[in-house]
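Down below is the structure, laid out as structure tokens.
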Amino acid sequence: MPEHWYREAVVYCCDVETFQDSNGDGVGDFPGLTSRLDYLARLGITCLWLNPIHPTPNRDDGYDVADFYAVDPRLGTLGDFAELLHEAGNRGIRVIIDLVVNHTSDQHPWFQSARKSPDSPYRDWYLWSDKEPEDRYEGMVFPGEQNETWTYDRTAKAWYYHRFYNFMPDLNTANPEVKDEIKRIAAFWVQLGVAGFRMDAAPFVIEASPQQPKDFTFLTDLRSHLQWRQGDSVILAEANVGADEVGEYFGDAGGSANRLHMLFDFALNARLMLALARGDAEPVIDALRDTPKLPEGAQWATFLRNHDEVDLSKLTAEQRADVFAEFGPEKEMQLYDRGIRRRMAPMLGGDRRRIELAYAMQFSLRGSPVIRYGEELGMGEDLSLTGRDAIRTPMQWSPGANAGFSGGKDLVRPVIEQGEYGYPHVNVVSQQQNPRSLLSWFERMIRTLRQCPEVGLGACSVVDVPMPRHVLAHQADQPDRGAMVFLHNLADEDVTVDLSSLGKYAEYPYELLADKDYPPVDDSLSTISLAGYGYRWIRLRDSHGRHTGGQTTRGGLA
């Protein structure tokens, strides 16, 4: 159904300012992004998620918003944005944008008015204290970069609250006027044609301060408000919360899916990283078995890398140490004592087999996959840049000057030029000409995924048969769509597995995707070989309960 399009979406996360510059000023822009839509369509993505696009002092990569009803003039005009939406729609690509409404920039007119007078109509849109708060030094989101969560403003003669940096004061979302304004902001952009939003810091949006309870009913109100404007609009939220609380973000106690449509699956992400670091499938198995049951229509968004650091905060100290040792052993690779500021390819040592394995595993797990720009090329990071900027370098389009990103001299961030991940070696042009490249593999893998609606729409379960610890075997079943089984080997040793217990559910099973050429799948499923770091996607039955033919898609190194 159209209103559930997000359950079969492939989402591509893109920062406009680092994707493609069209006018040579060194900053990516809407016309540049529009010119690259054919690339995205060829890749197979169906939803484009844009990081903040609003006017900003740009002290936190655009997350310090100064005007929610306009676009950053560095990126183009509102007309340019409308043209982007139009051209994306022509290619079957929906566009969602960041909704950053937990806070504003301290340069926002609302805050500037609020600080000047207690009688300002915007004074109560923020959180103030006449006395120094006792919790002034508690609850920092960015430890090591923040010293406090309350800052004294001499003009206001009061302290204001900010969970993030002191130049991003929190909005008082317990104020009904603020709630109404958030709904107006969202409705404005939906009216312009966006398909929905990625809600930043969702728990803080519904919790004005740690002393107040979370107001989940606001999520219900916001969804209702949006869907009266655009019935198939979607809210994908960032909420790294425990399993006991997840359900409340999706729907009410009655089981209705009347709040958020989608949540990023941070718990699965951390377990995937642990599994890849240890070469052990058990963490992923545990994550899948511990997944709370979602209400009908709700969906997970799976990911390996996004625009932030790899967040390991929900792992134990021992587990976190194992991931750090494997993927971020040097202090400069780590961030906030809980994360890793690297891209996936260098984390996996540039090993093509492991990169394919990691993404084949992510894309086959329940939910809708999200991929960060440049991951399809195997781009690297620049650790000389500050904090999260290390993984926010310009897209590498060609081996030409500035990686084909810009004809300017003063770039928004430097392109990666040196080493094995430099643009002379890692770029779109070179990989599009090579059918065995990582980019070509991603195109084939995503094309294959879109033939497997069971992944997004069906039930996901672990295949409960004796299996080496380093092998993940899971199923995706959808009664009216078919059934799949997926095998992923997290170790560098060949294995043979027995899935004969699934034979009674199979009708002419055949392979859709694999890392290499394997013998045809036997109907009994009793002897299935799997290479080191290998993977196999096998269709057990299709929607008609019969073999429909098809050719196996091989890994790029086959």
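The values are calculated or read from the model by the stated rules, or taken from the named source; none is laboratory data. These figures come from a predicted structure and were not determined experimentally. Ideal geometry is used to build each Cβ from the backbone, glycine not excepted, and the neighbour counts take in all protein chains shown. Please note that ligands, DNA and RNA were not included when accessible areas were found on the heavy atoms of the full protein model with its side chains. Shrake-Rupley method; radii C 1.70, N 1.55, O 1.52, S 1.80 Å.
Before moving on, here are some points about what is shown:
- Using only side-chain charges placed at the Cβ, +1 for Lys and Arg and -1 for Asp and Glu, the dipole size of the stretch 54-209 relative to its Cα centre rounds to 300 debye.
- With respect to the chain, whose longest principal axis is taken over its alpha-carbon atoms, helix 438-449 is tilted by about 80°.
- Taking every alpha-carbon pair under 8 Å whose residues sit at least 6 apart, the stretch 1-100 reaches a relative contact order of 29 percent.
- Once the Cα atoms are used to define both axes, helix 266-278 deviates from the longest principal axis of the chain by about 50 degrees.
- Those residues of the stretch 114-139 whose amide nitrogen sits under 17 Å from the label point placed on Asn166, 7 Å along Cα→Cβ: 115, 127-139
- In the calculated pair-distance distribution of the stretch 458-512, the portion above 16 angstrom amounts to 45 percent of the Cα-Cα pairs.
- Per-residue SASA remark: Leu502, around 10 Å² accessible (1.4 Å probe; ligands, DNA and RNA not included).
- Glu507/Val465 FRET efficiency (R0 22 Å; Cβ-Cβ; nearest 0.05): 0.65
- Neighbour cut-off at most 16 other Cβ (10 Å), DSSP loop, chymotrypsin sites (Phe, Trp or Tyr not before Pro), the stretch 110-177: Tyr137
- In sequence order, calculated HN-Hα J values of the stretch 155-170 (Karplus, 6.51, -1.76, 1.60; Hz; x Gly/Pro): 5, 6, 6, 7, 8, 10, 9, 8, 5, 9, 5, 6, 8, 10, x, 6
- Beta bridges assigned by DSSP with both partners in the stretch 256-386 are antiparallel in approximately 45 percent of cases.
- Assigned charges on the beta-carbon of Lys, Arg, Asp, Glu; the stretch 252-315 dipole about Cα centre (debye): 60
- Distance from the stretch 434-487 to the stretch 53-113 (C-alpha centre basis), Å: 36
- Computed over the chain, relative contact order equals 12 percent, with contacts defined as Cα pairs under 8 Å that lie 6+ residues apart.
- Rounded Å value of the spacing that divides the Cα centres of the stretch 376-391 and the stretch 261-289: 23
- Whether the stretch 10-154 is rounded, prolate or oblate, judged on the alpha carbon gyration tensor where a/c under 1.5 counts as rounded: prolate
- Taking each residue as 0.36 nm, the span from Asn90 to Ala257 lengthens on full extension beyond its C-alpha to C-alpha distance by 57.1 nm.
- Over the stretch 362-406, the alpha carbon radius of gyration divided by the compact-protein estimate 2.2 N^0.38 Å works out to 1.43.
- Contact order for the stretch 140-266, expressed relative to its length and based on alpha carbon pairs under 8 Å spaced 6+ residues apart, stands at 19 percent.
- Unit charges at the beta carbon, dipole of the stretch 376-436: most positive-side option, Tyr423, Pro394, Gly407: Gly407
- Accessible area of the stretch 349-410 belonging to carbon and sulfur atoms, whole % at 1.4 Å probe: 47
- Remark on Ile416: its backbone amide H falls under 5 Å from those of Tyr423, a criterion applied only to residues 5 or more positions apart or on other chains, H modelled at 1.01 Å from N.
- Projected onto its three principal axes, the C-alpha set of the stretch 180-262 covers 35, 27, 19 Å, listed from the longest axis down.
- Cα-centred dipole magnitude for the chain, charges only on beta-carbon of K, R (+1) and D, E (-1), debye, nearest 20: 1000
- Gain on full extension, evaluated as 0.36 nm per residue between Asp498 and Thr77 minus their Cα-Cα distance, stands at 145.7 nm.
- A 1.4 Å probe run over the protein chains yields, for the chain, 38 Å² of accessible area per residue, whole-number rounding.
- Distance between the modelled labels on Asp67 and Val141, one decimal in nanometres: 2.3 nm (7 Å Cα→Cβ projection).
- Overall form of the stretch 13-54 per C-alpha gyration tensor (a/c, 1.5; a/b vs b/c): oblate
- Per-residue ellipticity at 222 nm, computed for the chain from helices alone with -39500 (n - 2.57) per DSSP H run of at least four residues, works out to -7500 deg cm²/dmol.
- GluC sites (Glu not before Pro) lying in DSSP loop within the stretch 346-379, provided at most 10 other Cβ fall within 10 Å: none
- For the listed residue pairs Lys179/Lys314; Lys214/Lys331; Lys179/Lys293; Lys314/Lys516; Lys293/Lys314; Lys214/Lys314, the alpha carbons are over 25 angstrom apart in Lys179/Lys314; Lys214/Lys331; Lys179/Lys293; Lys314/Lys516.
- Applying the criteria of a DSSP loop state and at most 10 other Cβ atoms within 10 Å to the GluC sites (Glu not before Pro) of the stretch 298-343 yields Glu330.
- Selection from Phe81, Gly350, Leu439, by position along the positive dipole direction of the chain (Cβ): Leu439
- Of all stretches in the chain that contain no trypsin sites (Lys or Arg not before Pro) in a DSSP loop with at most 11 other Cβ atoms within 10 Å, the longest one is 410-545.
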